[in-house]
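A short write-up of the structure that comes next.
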Amino acid sequence: MADNPQILGDRGKSLEDEFFRKENARAIERLRELKERTTSRETLAKAIGITNEKIIDRLIELGIRPEIVSALAIVPLVAVAWADGSLDTKERQAVLERAEKSGIASGTADHDLLRSWLEKKPESRLLAAWTEMVRGLSERMPPQELAALKAGLMERAKGVARASGGFLGVGAVSAAEQDAIDRLETAFRSA
């Protein structure tokens, strides 16, 4: 039976068909991934208002998706709250209040993400992503708008830092929190 050329021909054809089916599936998957990445890049660019492809690609590499852009704006407050290595109830409440004023409503994906950052200190790459976003925004924003964005952020960050410090919880900012605030300000200078 193995000598039957028809059986060998059929088996060879079957193996060839299987090979090309797998290659086609791989090619289709690569095309889907490329389309998904392009769509993600375009959606993220629209959500943030940045057109610099290098910055958009860097944000994608850092895991930033369009649906978390508004939460990304709160990252500096989270960084300041965690600056001394712990986060107390007053700092948590200060971040949540400022997030709500920024449009991050309870029950949204952004709010859930923010809550997770308040439960467990986020990785440093999150602040790196925010810094990249600031750089991209600085290319597009008029200087007056960028200055207003910076001033508002610095005030909110200092408010979080003052939330639990000082005499009876009023006023003092720890050295670690001040260092975090200074790094935020530097992100605007390097932009």
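The values are calculated or read from the model by the stated rules, or taken from the named source; none is laboratory data. Fair warning: this is a prediction, and the values are worked out from it, not measured in the lab. Quick reminder, even Gly has a Cβ in these numbers, built from the backbone with ideal geometry, and neighbours come from all protein chains shown. Heads up: the accessible areas ignore ligands, DNA and RNA and are worked out on the full protein's heavy atoms, side chains in. Shrake-Rupley method; radii C 1.70, N 1.55, O 1.52, S 1.80 Å.
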ask   = Which whole-number percent gives the relative contact order of the stretch 51-191, counting Cα pairs below 8 Å spaced six or more residues apart?
value = 34
ask   = Roughly to the nearest percent, how much of the accessible area of the stretch 84-191 is carbon and sulfur, given a 1.4 Å probe?
value = 52
ask   = Once the other residues with Cβ under 12 Å from the Cβ of Ala151 are scored (Lys, Arg +1; Asp, Glu -1), what is the net sum?
value = 0
query = Expressed in whole Å with the largest first, what are the equivalent ellipsoid semi-axes of the stretch 36-126 derived from the C-alpha gyration tensor as the square root of 5 times each eigenvalue?
reply = 26, 14, 10
request  = Give the Debye-formula value of log10 I(q)/I(0) at each listed q (0.12, 0.20, 0.24 Å⁻¹), with one equal scatterer per alpha carbon of the stretch 84-191, two decimals each.
outcome  = -0.45, -1.26, -1.51
note = The local net charge around Val173, scoring Lys/Arg +1 and Asp/Glu -1 for residues other than Val173 whose Cβ lies under 12 Å from its Cβ, equals -3
inquiry  = Let me spell out the model: positive unit charges on the Cβ of Lys and Arg, negative unit charges on the Cβ of Asp and Glu, origin at the Cα centre of the stretch 60-179. What dipole size does that give, in debye rounded to 20?
reply    = 160
remark   = Around Ala161 (Cβ within 15 Å, Cβ-to-Cβ, excluding Ala161; K/R +1, D/E -1) the net charge comes to -2
